[in-house]
Every structure is written in C-alpha cells, then in structure tokens.
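Following: one structure in structure tokens, then a few remarks.
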Amino acid sequence: MKVSYSALLPLAVCATALTLSSCNDSKTATAAETSSPTREVMSGTAAVAAEEDSAAANTAAPDPASIPASKIADAATITARPQVPILCYHQIRDWRPRDSKGAKDYIVPVDAFKKQIQMLADSGYHTVLPDQLYAYLATGAPLPAKPIMLTFDDTDLDQFTVARPELEKHGFKAVYFVMTVSLGRPNYMSKAQVKQLSDEGNVIGSHTWDHHNVKKYQGQDWVTQIEKPTKTLEEITGKDIKYFAYPFGLWNPEAIPQLKQRGMVAAFVLAEKRDPQDPLFTIRRIIASGYWSPRTLHNSIVQSF
C-alpha cells in the first residue's frame, strides 16, 4: 500500500479539531484551580496520605494477562466506575504563521504546555499508566488520589525533546502512541528515543502504521496497520504492546475483535461516548488545546470526566 505521507498531518489536524470542538459544547465550569499544600505546612496525617498517594502512583500494576477472567468486571460495572481524566497531546511547539486556526487546537505552545503541566502538579494530580487504569476499570483496584493519564499521539520529536523533560521535573510518566511509519523521519522520534522513553518507565502504545482510519480497514489492512507496527514496537522496546489509540479517535464495533486477536487489551478514543458493550476498547480522552490556559484545562477536566 502506497502512502502519501505529506497528507497525513492535514487529515489529523482536521479530525482532531472536529473532535475537540465536541468537548467545547459543555457549559463553563465554576470550579477554581486548586493548589496542593506543600510538605512544610501539611499536618502529619495529610503528609502521610500524600506520601501514600505518591507511592501508589509509582506502584507497578499487574499485567492484564495475569488477571483471571473471573476477576474482570462486566461491561456495566466498568462503565459505572468514575472515569479517570485522560489528556491527549500532539505537537508541543510554538505556533507558526502558517498554522491554521484549527491546527492551533492541537499544537500547544511550549510555555503554555509548561504551565498546563505545572497546574496539574500544583493541583495534586498523580499520573497513572495503562496497566493501573486497566486494573482499576476491570477489577476496581485502587488508584492514587486525583489520578490523571497523559498521552501523546503521532511520534512528534517535540514530545521527546520538550514534553519529556518537563514531565520529568514533576515525576510524571506518560503514554506515547507511536505511528511507526514516521520513526526516524525529520521532526519525528527515532527508534532509540522511543526505546529510551520505554526504558524510563513510560508506556509505548500503537497508533497504527500510517494513521489510516480504522473504520475503513479491510483484509490485509489489519496486518499492515496493527500486526506489523505492533511487532516493530515490541522489537524496539523489548516489551509487549497492549494498548492502542484509534487514529482521529474513530472506531467501529468490527475493529474491537480484530484488536483483541492481535494482543490489545484496551484502546483509546477521543471525546465521544464509550461503547456500553466494550468500554475497555473505547476509553475516553480529551485533547488539550493549544488555546487553553491552565484554568481552562482544569475546568475542562472537571467538566469532561
């Protein structure tokens, strides 16, 4: 299959902007940003609780494959559990004159990104990773207070050069959904950088080979878009690839058994509703817009989850 690689990002811009707009229809929240208390002014009890939350955030969750089927909740129970906020980022760079209004929704300027991450830290959020989220949704396993998941799509180099060090300042970990066609291309991450992210405790997930719409897959597309990229990422990281993000956030029921057959245990959409039959394969995220201030991001988290 031949790919017009230059056409990928304009398509992603359009679909992402459309998906983001669905998040903006909700009413403005009145919740103000909260700041976590410093260690110096906390009471002994609060300090212990904070330390326990920090430890919980860094505790490895069981591999989903090790959880007995009898322990996994039914779809209704999973859907009823409070949703964990999940943010989706794409490019972390300053806007350029040629960037369209729609593109700026998913291009977060560097200073804005730093302020967003600082807000999450100041507000007491703890980052969690997919195995923790899976254990929580499937079995009710506990999570740290104010859990949040940070995800990055499309393999952009600035996710490594800009986002990674900023997250490290706060002890945050993230999930990077890699589009393997882009590996090693200019302005995209290399295989070595993807492996480094994995070695540092972040999670690498699949985002297909070249960002084609899952709803249009037929026959050999499942091998090209899912099987081969999964094998590539497993060879790079030395770890099983178990999590998938749908390009453009678009999915259909026919895709879910195909993903399960190829080793995926959960998959992530964007702002639309979860599938009541397969909530683990339609886990919701919201796009963190380049237009959003820290307060707007905070309010969007409160509104959306």
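Tell me which residues, restricted to the range 71-96, are of a type in the set (Ser, Thr, Tyr) and either at pLDDT below 95 or over 12 Å from Leu137 (Cβ atoms) (or both).
Result: Tyr89, single match.
When you go through Tyr176, Tyr217 one by one, which is the residue that is among the hydroxyl-bearing types (Ser, Thr, Tyr) and closer than 28 Å to Met119 by Cβ?
Only one candidate passes the filter, namely Tyr176.
Filter the range 102-129 for residues that are farther than 20 Å from Asp154 by Cα, assigned to a loop (DSSP other than H, G, I, E, B) and out of contact with any strand residue (DSSP E or B) (no Cβ under 8 Å at 6 or more places or on another chain) and give the result.
Within the range 102-129, Ser123, Gly124 qualify.
Can you spot a residue in the range 257-280 that is modelled with pLDDT of 95 or more, over 19 Å from Tyr176 (Cα atoms), touching a helix residue (DSSP H, G or I) at 6+ places or on another chain (Cβ under 9 Å) and of a type in the set (Val, Ile, Thr)?
no
Going by the structure shown, is Glu234 at pLDDT 95 or above and within 21 Å of Lys173 (Cβ to Cβ)?
yes
Taking Lys215, is it modelled with pLDDT of 95 or more, in contact with a Ser or Thr (Cβ under 9 Å, 6 or more places away or on another chain) and either under 14 Å from Gln159 (Cα atoms) or part of a helix (DSSP H, G or I) (or both)?
No: the conditions fail for Lys215.
Suppose we filter Trp209, Trp222 for residues that are part of a loop (DSSP other than H, G, I, E, B), of a type in the set (A, V, I, L, M, F, W, C), modelled with pLDDT of 95 or more and farther than 21 Å from Met149 by Cβ; which single one remains?
Only one candidate passes the filter, namely Trp209.
Return the pair list, or none, for Cβ contacts closer than 8 Å from residues in the range 254-270 that are free of Cβ contacts under 8 Å to residues at least 40 places away in the same chain and over 17 Å from Lys215 (Cα atoms) to residues that are buried (at least 19 other Cβ atoms within 10 Å of the Cβ) and among the aromatic types (Phe, Trp, Tyr), at least 6 apart or on different chains.
Pairs that qualify, where the first residue is free of Cβ contacts under 8 Å to residues at least 40 places away in the same chain and over 17 Å from Lys215 (Cα atoms) and the partner is buried (at least 19 other Cβ atoms within 10 Å of the Cβ) and among the aromatic types (Phe, Trp, Tyr): there are none.
Does the range 275-292 contain at least one residue that is surrounded by fewer than 17 Cβ atoms within 10 Å (Cβ to Cβ) and outside any loop (DSSP other than H, G, I, E, B)?
no
The values are calculated or read from the model by the stated rules, or taken from the named source; none is laboratory data. All values derive from a computational prediction rather than experimental measurement. Here Cβ is always computed from backbone atoms with ideal geometry, including for glycine, and neighbour counts include all displayed protein chains.
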